[in-house]
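Asks: Below is one structure. I have some questions about it.
The values are calculated or read from the model by the stated rules, or taken from the named source; none is laboratory data. Note that this is a predicted model, so its numbers are computed, not measured. Cβ: placed from backbone, ideal geometry, glycine included. Neighbour counts: every protein chain shown.
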Amino acid sequence: MREANLDGLGAAPRWIGMCLGAYSIADLLVLYFWSGAGQIFSMQASSDSISALPVTAMAAVNLFLCLVVLRGFPAGAPLRPAWMLATGAAAAQAVPGVMAQVLETDSLRTPLLTASGPIRLALLALALLPVLRILRGFGFWVRPSATDWAVSGIVCLFALCRFAEAGVASPAAGQTGLQHWISLAGLPFLCVLVLEAMLLRQSVVRMGNGPISKCWAALMGGIFLTGLAELAVWVVPHYSRVWPPALIEWLTRFPIAAVFALAPAYQVAAQRRATKPAASAPEELAAGVPALAR
């Protein structure tokens with residue numbers, strides 16, 4: 001009902017979007033020149049070193065914004081447990097990323113990054129449970145449709161295929177057998193996350209176009225991008241040798257991290273709009289901020 005103040009942290013979604021756009025343009029330019037050069041330059045770098053610094057930086061931004069959001073929820077607030085788990089998920093990505101930049105040996109760096117993925121997905125799956133329960137209490141709940149079950153079923157089938165293939169395939173380069181199975185441990189949590197995201201999609205559609213709906217839409221988009229990236233890394237190399245898994249991860253890791261960071265950024269914007277009303281706005285308008293924003 002009034003123009004939002006885009007100063008300070010309220011402008012975080014815009015800055016994250018600008019960084020994502022600049023990074024995507026740079027990626028497209030690299031792919032253009034790589035294709036124009038006849039693909040004579042190798043893209044088979046290890047996935048741990050590909051775009052590690054930008055992804056770690058965006059994960060740190062996500063963690064910082066989650067901490068800011070968490071400070072905005074007092075003790076006993078319904079959404080505080082959800083954001084505590086979301087903050088833990090952001091820390092599970094940012095802290096190992098920073099430590100991987102410091103560690104010099106791959107024997108310590110690779111297990112650390114491998115274990116962080118399943119932990120992050122598990123915390124996100126737990127964080128969405130109270131969110132869906134609260135949205136149901138506000139009347140935004142919609143029963144799962146056939147499309148919701150179909151998408152979730154595809155992801156579950158993909159996870160089963162990955163586990164079946166892992167039973168007969170050798171671990172990837174640089175991984176032990178235990179690390180290989182740990183990397184697959186996040187797939188069951190991904191299946192749960194996709195189902196929760198489909199339920200969240202039904203609620204977001206009914207919430208309008210405000211910052212709160214954009215917050216949950218960004219979280220939902222990050223989950224979908226994660227699932228699509230996992231599917232592409234597994235499917236594409238089976239049909240094309242031009243696109244190695246390392247190249248696909250290079251193209252998807254930063255966009256996924258940026259989209260996840262948009263979720264707390266929009267929540268911060270909503271909190272700034274709710275707690276700092278315009279001086280010219282009447283008190284009744286300030287008091288009428290939706291409960292989800294508070």
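Asks: Hey, V69 hits all of (1) out of contact with any helix residue (DSSP H, G or I) (no Cβ under 6 Å at 6 or more places or on another chain); (2) at pLDDT 90 or above; (3) not hydroxyl-bearing (S, T, Y) but one; which does it fall short on?
Replies: Status for V69: all satisfied but (1).
Asks: Also, I was wondering about something else. All but one of (1) more than 29 Å from A82 (Cβ to Cβ); (2) modelled with pLDDT of 85 or more; (3) not basic (K, R) hold for A45; which doesn't?
Replies: With (1) more than 29 Å from A82 (Cβ to Cβ); (2) modelled with pLDDT of 85 or more; (3) not basic (K, R) applied to A45, the lone miss is (2).
Asks: State all residues of the range 88-102 that are of a type outside the set (G, A, S) and crowded, with 22+ Cβ neighbours inside 10 Å; if no residue qualifies, say none.
Replies: Answer for the range 88-102, where residues must be of a type outside the set (G, A, S) and crowded, with 22+ Cβ neighbours inside 10 Å: Q93, P96.
Asks: For the subset of the range 69-80 comprising residues that are in contact (Cβ under 8 Å) with a residue 40 or more places away in the chain and buried (at least 17 other Cβ atoms within 10 Å of the Cβ), which member is farthest from the chain's Cα centre (by Cα)?
Replies: That would be G72.
Asks: Here are some residues: V233, V259. Which one is out of contact with any Ser or Thr (no Cβ under 7 Å at 6 or more places or on another chain), within 21 Å of F158 (Cα to Cα), of a type in the set (A, V, I, L, M, F, W, C) and modelled with pLDDT of 80 or more?
Replies: Just a single option satisfies the conditions, and that option is V233.
Yes/no matrix, rows are residues, columns are (1) assigned to a helix (DSSP H, G or I); (2) modelled with pLDDT of 80 or more:
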| position | (1), (2) |
| --- | --- |
| L190 | yes, yes |
| L193 | yes, yes |
| N209 | no, yes |
| W216 | yes, yes |
| G221 | yes, yes |
| L225 | yes, yes |
| P237 | yes, no |
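Asks: For T56, indicate whether it is at pLDDT 90 or above and surrounded by 14 or more Cβ atoms within 10 Å (Cβ to Cβ).
Replies: Answer is no for this residue.
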